[in-house]
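Notes to accompany the following structure.
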Amino acid sequence: MVERQLRLRGIRDERVLAAMLAVPREAFLDESQQRLAYADEALPIDAGQTISQPWIVARMTELLAVGSGDRVLEIGTGSGYQAAILAAIGCSVTTIERHAELAEQARERLRDLGLDAQVEVRVGDGSVGVPESAPWPAILVAAAAPAIPEALREQLDPDGGRLVVPVGPRDRQELVVVTRNGDAWTERSDGPVAFVPLIGEGGFSR
């Protein structure tokens, strides 16, 4: 996976590649799906959600440009795999999942891998962020928003905070990177993607 899907397709950050190599992807899937753990595709998980394909996880992590000791807010815990990759790099992660059953599964998986001290899993509407812990140096959204959630923009650290989020209609999106410097925000697209919808105040209504 690391050599054929990630490195050959342009992932260059060695910290990201090392984390993808270290975290067992099969640990985040049901037993029936584990044979497909390293396939180049997204896979279904409970509650109608998905675990993103390995390349997307690696690319979003690379775009976030985080390192050891950085605080990261993740929106859409899902299986917990993305949070585990960030923790493997050395980040301190707060991740929010609206489905309580997925949140509990993620907690158990992260605990089994010894990553629970670095990852706090919360249940709630991630589209509104965590204002009491702002500003955030990095925010990663693992679900598609119809527009960049204003609450997340505002919670970015003014000193170069970075937000990576899929933006667009339900059937197709652009992966957008937002960087904040003071009261100026810059945006750029990293290309087309397809994610499950972000449901909540700052996302889709249902």
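General observations
- LEU63 being farther than 24 Å from LEU198 by Cβ, part of a helix (DSSP H, G or I) and open to solvent by less than 10 Å² (accessible area, probe 1.4 Å): no
- Test: SER133 is closer than 18 Å to VAL72 by Cα, surrounded by fewer than 14 Cβ atoms within 10 Å (Cβ to Cβ) and in contact with a Leu (Cβ under 9 Å, 6 or more places away or on another chain): yes
- Picking from residues in region 182-194 that are open to solvent by 50 Å² or more (accessible area, probe 1.4 Å) and assigned to a loop (DSSP other than H, G, I, E, B), the one that is farthest from ARG153 (Cα to Cα) is ALA194.
- Complete set of residues in region 70-124 that are open to solvent by 10 Å² or more (accessible area, probe 1.4 Å), of a type in the set (S, T, N, Q) and either touching a residue at least 60 places away in the same chain (Cβ under 8 Å) or not in a helix (DSSP H, G or I) (or both): GLN82, SER92, THR94, GLN118
- Filter result for ALA27 (closer than 25 Å to GLU97 by Cα, open to solvent by less than 50 Å² (accessible area, probe 1.4 Å), without any contact (Cβ under 8 Å) to a residue 24 or more places away in the chain and out of contact with any Gly (no Cβ under 8 Å at 6 or more places or on another chain)): no
For (1) at positive phi; (2) of a type in the set (Lys, Arg); (3) over 14 Å from the mean Cα position of the chain (by Cα), each residue gets a yes or a no:
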{"position": "VAL123", "(1), (2), (3)": "no, no, yes"}
{"position": "PRO131", "(1), (2), (3)": "no, no, yes"}
{"position": "PRO135", "(1), (2), (3)": "no, no, yes"}
{"position": "ALA144", "(1), (2), (3)": "no, no, no"}
{"position": "ALA147", "(1), (2), (3)": "no, no, yes"}
{"position": "ARG162", "(1), (2), (3)": "no, yes, no"}
{"position": "PRO166", "(1), (2), (3)": "no, no, no"}
{"position": "GLU174", "(1), (2), (3)": "no, no, yes"}
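- Residues of region 152-181 classified as open to solvent by 10 Å² or more (accessible area, probe 1.4 Å), farther than 21 Å from ILE56 by Cα and not small (Gly, Ala, Ser), total: 8
- Figure legend. Inter-residue proximity from region 146-162: first residues closer than 11 Å to PRO135 by Cα, second residues basic (Lys, Arg), beta-carbon distance below 6 Å, spacing 6+ or different chains. Indicated pairs: LEU156/ARG180; PRO158/ARG180; GLY161/ARG180.
- Filter result for ASP157 (at pLDDT 95 or above, over 18 Å from THR77 (Cβ atoms) and either within 15 Å of the chain's Cα centre (by Cα) or not aromatic (Phe, Trp, Tyr) (or both)): yes
- ALA47 being open to solvent by 10 Å² or more (accessible area, probe 1.4 Å) and touching a His at 6+ places or on another chain (Cβ under 7 Å): yes
- Answer residue from region 50-59, given it is assigned to a helix (DSSP H, G or I) and touching a helix residue (DSSP H, G or I) at 6+ places or on another chain (Cβ under 7 Å) and is surrounded by the fewest Cβ atoms within 10 Å (Cβ to Cβ) among those: TRP55
- Within region 1-49, if we keep just the residues that are assigned to a loop (DSSP other than H, G, I, E, B) and under 16 Å from GLN105 (Cα atoms), the residue that is farthest from the chain's Cα centre (by Cα) turns out to be ASP30.
The values are calculated or read from the model by the stated rules, or taken from the named source; none is laboratory data. All figures in this text were calculated on a predicted structure; none of them were measured in a lab. Cβ sites come from the backbone with ideal geometry, for glycine too, and all protein chains shown count toward neighbours. All accessible areas refer to the heavy atoms of the entire protein, side chains included, with ligands and DNA or RNA removed. Shrake-Rupley method; radii C 1.70, N 1.55, O 1.52, S 1.80 Å.
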